[in-house]
Amino acid sequence: MNITAEHQKIVAARVNRERLVDTAKKLIAVPSRTGEAGAVSDQLAEILKADGFTVTREIGNHPTAPAVLVRHESGVPGRCLQFNGHLDVVHLPYVPPSVEGNLLKGSGSCDMKGGVATAIEALRAVRDSGLLKKGGILLCAHDLHEAPWGLGEQLDTLIRAGIHGDAVLLPEPLTDHLPLAGRGSATWKVHVRRPGAPIHEVMRPDEPSVIAAGAELVQRLGKLGEAIKTQTDPVAGTASVFVGQIHSGEIFNQYPQECMLEGTRRWLNVEERADVKASFHGLLADLAKDRGVTVDCEWKHIRDPFRLDLTHPIVAAFQQSYTNMNGKPLKTGPKQFVDDGNAFFGLANLPAITHGPRAGGQHTVNEWIDIDDMVRVATLYAMTALAYLND
Ligand SMILES: [Zn+2]
């Protein structure tokens with residue numbers, strides 16, 4: 001459907017700023033560290049039920065905090081647009097909700113209970129506008145997003161079970177550009193060990209040096225980094241391997257038993273996640289053999305690479321609605337971080353647009369979100385839904 005100024009007026013009039021802020025505050029008021037979002041999920045389910053929506057819960061392999069879902073249907077078959085957000089916040093001291101002028105503060109206000117509340121307000125606006133003629137909206141809010149406490153397992157389970165829309169909007173705090181592509185990422189933590197106990201260096205046994213083996217690993221990862229540098233994308237960036245820390249030994253004259261290294265591996269969607277992991281482990285096996293040490297690796301897959309299909313109708317619907325409100329389309333750019341959009345693309349080849357209210361302080365105790373911009377995004381989401389679904 002062609003979104004007109006008249007539609008925008010109708011939708012904007014249905015977005016209720018007070019109700020929106022109230023919902024966000026109620027979500028922030030329930031602490032929900034990653035893995036512990038059960039109580040806030042129940043709270044959200046209550047809010048939505050009180051609002052007249054039919055709520056279903058999906059365990060998604062995480063029984064202590066089943067995901068919260070609402071399917072709002074027009075009654076006429078058509079596309080399904082998903083609004084998706086996470087209710088968990090990083091493990092930091094809890095900060096209760098407060099409003100200071102145009103800013104809403106507190107744990108998860110920015111990342112991303114403010115965004116979830118914004119999507120809910122968009123859902124209410126679509127329903128109350130009476131303009132939805134085809135298809136429906138699936139709202140999904142879940143736990144286990146924030147690494148390293150969660151690795152997206154709950155959402156992955158839902159996507160694999162076919163519980164998803166045909167296109168997805170993610171109200172994460174990204175405002176200034178439309179992300180088109182991003183790298184996949186994994187973290188790795190390696191322990192290089194020799195059999196003997198730590199001992200004074202003058203009494204050291206004829207065993208390999210774990211520090212020398214660790215240094216050798218840094219060198220070999222450097223070479224790997226050089227080799228994969230050829231995999232590059234003008235938007236997403238370049239494949240990489242990164243060493244963030246290395247530790248070994250206690251004092252200057254002790255022969256240590258263990259060397260620990262930790263870092264990341266990022267890749268483009270020309271590589272398969274299984275191949276990326278296998279080649280990394282192959283490199284470690286070679287090191288173990290050459291140096292006579294044991295090498296263990298904890299490999300954590302964070303998210304797959306991401307790409308947005310610009311020809312998909314959701315992109316046109318979003319940009320048309322954005323242009324209606326701002327006079328021009330949103331400029332495009334990279335996705336520097338990974339988010340749930342990577343999972344939708346990686347697991348089900350779905351288009352996912354990350355766009356949320358202006359906000360900041362994510363992963364700190366000083367989170368904030370711009371209330372005026374929550375209102376803007378709620379209107380934009382409602383208009384995008386109408387443009388995409390009624391098409
Ligand atoms: Zn987030």
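A short reminder: the numbers here are calculations on the coordinates, not readings from a lab. Quick caveat: nothing in here was measured; it's all calculated off a predicted structure. Glycine also receives a Cβ, built like all others from the backbone with ideal geometry; neighbour counts cover every protein chain displayed.
List of remarks:
- Residues in the stretch 251-277 that are crowded, with 17+ Cβ neighbours inside 10 Å and either of a type in the set (S, T, N, Q) or without any contact (Cβ under 8 Å) to a residue 24 or more places away in the chain (or both): Q257, N269.
- If the condition is being assigned to a loop (DSSP other than H, G, I, E, B) and touching a Phe, Trp or Tyr at 6+ places or on another chain (Cβ under 8 Å), then the stretch 150-182 contributes H164, P171.
- Residues of the stretch 75-103 that turn out to be under 19 Å from R127 (Cα atoms) and not polar (S, T, N, Q), as a count: 8
- All positions within the stretch 311-336 that are within 16 Å of the ligand (Cβ to nearest atom) and surrounded by 16 or more Cβ atoms within 10 Å (Cβ to Cβ): K335
- When I314 is tested against (1) without any contact (Cβ under 8 Å) to a residue 12 or more places away in the chain; (2) under 30 Å from S129 (Cα atoms), exactly one condition is not met: (1).
- Number of positions in the stretch 312-349 that are closer than 15 Å to T157 by Cα, of a type in the set (A, V, I, L, M, F, W, C) and in contact with a strand residue (DSSP E or B) (Cβ under 8 Å, 6 or more places away or on another chain): 3
- Residue check, P234 within 30 Å of K335 (Cβ to Cβ) and crowded, with 17+ Cβ neighbours inside 10 Å: no
- Restricted to helices (runs of 4 or more DSSP H) entirely inside the stretch 290-391, those with at least 1 residues that are among the basic types (K, R) are 371-389.
- Hey, S248 free of Cβ contacts under 8 Å to residues at least 60 places away in the same chain, touching a Cys at 6+ places or on another chain (Cβ under 7 Å) and surrounded by 16 or more Cβ atoms within 10 Å (Cβ to Cβ) or not: yes
- Qualifying positions in the stretch 82-111 - crowded, with 24+ Cβ neighbours inside 10 Å and among the β-branched types (V, I, T): V89
- Consider the stretch 96-131 and keep the residues that are out of contact with any helix residue (DSSP H, G or I) (no Cβ under 7 Å at 6 or more places or on another chain), of a type outside the set (D, E) and within 16 Å of the ligand (Cβ to nearest atom). The one that is nearest to A39 (Cα to Cα) is M112.
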